[in-house]
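The values are calculated or read from the model by the stated rules, or taken from the named source; none is laboratory data. Predicted model, so just to flag it, every value in this text is computed and none were measured. Cβ sites come from the backbone with ideal geometry, for glycine too, and all protein chains shown count toward neighbours. Remember, those area values only see protein heavy atoms, side chains included, never the ligands or the DNA or RNA. Shrake-Rupley method; radii C 1.70, N 1.55, O 1.52, S 1.80 Å.
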Amino acid sequence: MARPLVADIDLDALRHNYCLARELAPHSQALAVIKADAYGHGSVACAAALESLPAGVRPPAFAVASIEEAEALREGHIEAPIVLLEGIFEAGELARVEALGLWLAVHSEWQVNALLAHRPARPIPVWLKVDSGMHRLGFTPEEVTDVWKRLTESPECVTAVQLMSHFATADAVDDGYFRQQLACMRELAQRLDVPLCLANSPATLAWPEAHGAWVRPGVMLYGSDPLEVASDATRRLKPVMTLRSEIIAMRDLNIGEAVGYAGRWRAPRPSRIAVVACGYGDGYDRHAVDGTPVLVAGQPASLAGKVSMDMLTVDVTDIAEAGIGTEVVLWGEASNGRVLSVDTVARHCDTISYTLLTGVLPRVPRRYLGLDA
Ligand SMILES: Cc1ncc(COP(=O)(O)O)c(C=O)c1O
C-alpha cells in the first residue's frame, strides 16, 4: 500500500469560492490569483476548473508572479489572459510576453523604458502599479501622472492602462491605514480617469468601496479566511485543500513518558498516541505547538510532541476507534463533514494559511475532486 498522505483538492469548492468573490463584487471583474502554483493547489488544474465555469461567470483573466508560471499555464492549455503581477524581471522577457499573450504590471522606470523600446507587434495591456503605502513595488503617487502619460501616449505599445495598488492592512479591524491608501488611489483614478484594481481577498470580502473595475482575490479562492475577525461572507468560504493521512502506528504511554524529539510532550495521564504519516518533509509546519488541532476519525484531537520529517504524533486517548488505518485530517474536511480550518492550524504554528498551503511539498500527491463539473 502507498504512503497514505494526500492533498485532496476540491475543485467544486474552488468554483464556489470564486463565485462568492464575484457575488461580493458584482460591479467588478474578478481576476483569479493563481501564483505559487495556485497557492499550492496546482495552477493548471485550478485554472482549468475555473475556466469550466459558464461564459460570463468564469474568470476573465488569471494572475501569476512570473513568466515561468504563465508558461506552465499556457502549456496546460489555459488560454485566458494572464497578468504578470510583478511584470518582467528583464527586458529579454518581452518577446515571451508577446508570444504568450500576457498582460503586464509595470512598477519601475526601467520596465516602462523597456516596454516602450520593445515596440510589440500588438499593444500590450498594462497595469500601472502605484505605491500607495505598501512601500514595496510601484511608482509614488507623485510619479504616476508622468508615467501614465508616457504609456497612454504610446498606443502602438500599450493598451487598456489600469491603475493597481496593494493594501497593507485590508485584513485588519483598524481601518485607518487602509482608508489612507484607498483615498490616495481614488484621487489618482479620478484625476486620470482610469480604472482601478486594488482589492486582494480581504478587501474583496470586507471593503466594497475598494472594489473598483477589477478585484484580485487570491487566498479566499482556496477557502482561507484572511480577515482578523470572521464575517458572514467568510463563513461561506469552503476549504479547497484537505491534507489527509492515516494512523500508521499506535503507542500506549504511562504517566510521565515522553513522545518524539526532545521529549517535548509528556503524558499527563495514561495516554494513547497515534503516529501519523505526515511531517515537515511534506510541508507540515514544524513550529506547530502541542495542542495544535487535528481531526482523527473526524473528531478533534491534538498534536503531542515535535513534528518529525515524515511523521507526527497525536494524543488520541479520548478517541476509542483510533487505530492503524484511521483517517487523520491535518486541515480541511474530514469524511464525516467536520472541517478543520487551515487558518486555525496556522495560528497554532505562529504563521498564516498562505505559508501552510504554499508549503505542501511535491512529494505529497494532489488528488483532484470535481474534475468532471
Ligand atoms: C499584487 C497582489 N495582488 C493580489 C494578491 C492576492 O492576495 P490575497 O491572497 O490576500 O487575496 C497578492 C498576493 O500576495 C498580490 O501580491
Quiz item: How far is helix 176-192 tilted, in degrees, relative to the longest principal axis of the Cα atoms in the chain, given as a value from 0 to 90 rounded to the nearest 10?
Solution: 30
Quiz item: How long is the gain from Arg347 to Glu109 if the chain were fully straight, where each residue apart is worth 0.36 nm and the alpha carbon distance is subtracted?
Solution: 81.7 nm
Practice problem: Check cross-link reach from Lys306 to the aspartates and glutamates: straight Cα distance under 12 Å, and skip same-chain residues fewer than eight apart. | Solution: Asp285, Asp290
Quiz item: Near the amide H of Val259, under 5 Å away, which other amide H atoms are found, from residues 5 or more places off or on another chain, if H is placed in the peptide plane?
Solution: Arg264, Trp265
Quiz item: Relative to the first principal axis of the alpha-carbon coordinates of the chain, what is the inclination of helix 141-152, with its axis defined by its Cα atoms, in degrees from 0 to 90 and to the nearest 10?
Solution: 60
Practice problem: Taking 7 Å along the Cα-to-C-beta vector as the label spot, tell me the Ala258-Ala55 distance in nanometres, rounded to one decimal. | Solution: 6.6
Quiz item: Around Pro293, what is the net charge, scoring Lys/Arg as +1 and Asp/Glu as -1 over all other residues with Cβ under 12 Å from its Cβ?
Solution: -1
Self-check item: Accessible area (Å², per residue) of segment 266-363, counting only protein heavy atoms and a probe of 1.4 Å
Solution: 41
Exercise. Could you check how much of the accessible area of segment 241-369 is carbon and sulfur, as a whole percent, using a 1.4 Å probe?
Key: 53
Exercise. Summarise the accessible area of segment 11-224 (1.4 Å probe, protein heavy atoms) by the percent that is carbon and sulfur.
Key: 52
Exercise. Can you check what the net charge comes to around Glu246, using other residues whose Cβ is under 15 Å from the Cβ of Glu246 (Lys, Arg +1; Asp, Glu -1)?
Key: -2
Quiz item: In a shell of Cβ-Cβ distance under 13 Å around Gly138, excluding Gly138 itself, what net charge do Lys and Arg (+1) and Asp and Glu (-1) give?
Solution: -3
Practice problem: Give a residue-ordered list of calculated ³J(HN,Hα) values for segment 19-25 (Karplus: 6.51 cos²θ - 1.76 cosθ + 1.60, θ = phi - 60°; whole Hz; x for Gly, Pro). | Solution: 5, 5, 4, 5, 5, 6, 10
Quiz prompt | R0 of 56 Å, Cβ-Cβ distance Asp232-Arg96: FRET efficiency to nearest 0.05 | solution = 0.80
Quiz item: Per residue, how many Å² of accessible area does segment 11-224 show with a 1.4 Å probe?
Solution: 39
Quiz item: Counting DSSP beta bridges with both partners in the chain, what percentage is antiparallel, nearest 5?
Solution: 55
Quiz item: Residue by residue through segment 108-114, which ³J(HN,Hα) values in whole Hz follow from phi under the Karplus form 6.51 cos²θ - 1.76 cosθ + 1.60 (θ = phi - 60°), with glycine and proline marked x?
Solution: 9, 3, 5, 5, 5, 4, 5
Quiz item: Tell me, what ³J(HN,Hα) does each residue in segment 156-168 have, in order and in whole Hz, if you take phi through Karplus 6.51 cos²θ - 1.76 cosθ + 1.60 with θ = phi - 60° and put x for Gly and Pro?
Solution: 6, 9, 10, 9, 6, 5, 10, 9, 10, 8, 10, 7, 8
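If packing is taken as the average number of other Cβ atoms within 10 Å across a peptide's residues, how do 304-312, 215-223 rank, most packed first?
215-223, 304-312
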Quiz item: Which cross-chain or sequence-distant (5 or more) residues have an amide H under 5 Å from the amide H of Tyr284, H modelled 1.01 Å from N in plane?
Solution: Gly279
Quiz item: What percent do you get for the relative contact order of the chain when only Cα pairs under 8 Å and 6+ apart count?
Solution: 18
Quiz item: Roughly how many whole Å is it from the C-alpha centroid of segment 67-97 to that of segment 127-193?
Solution: 22
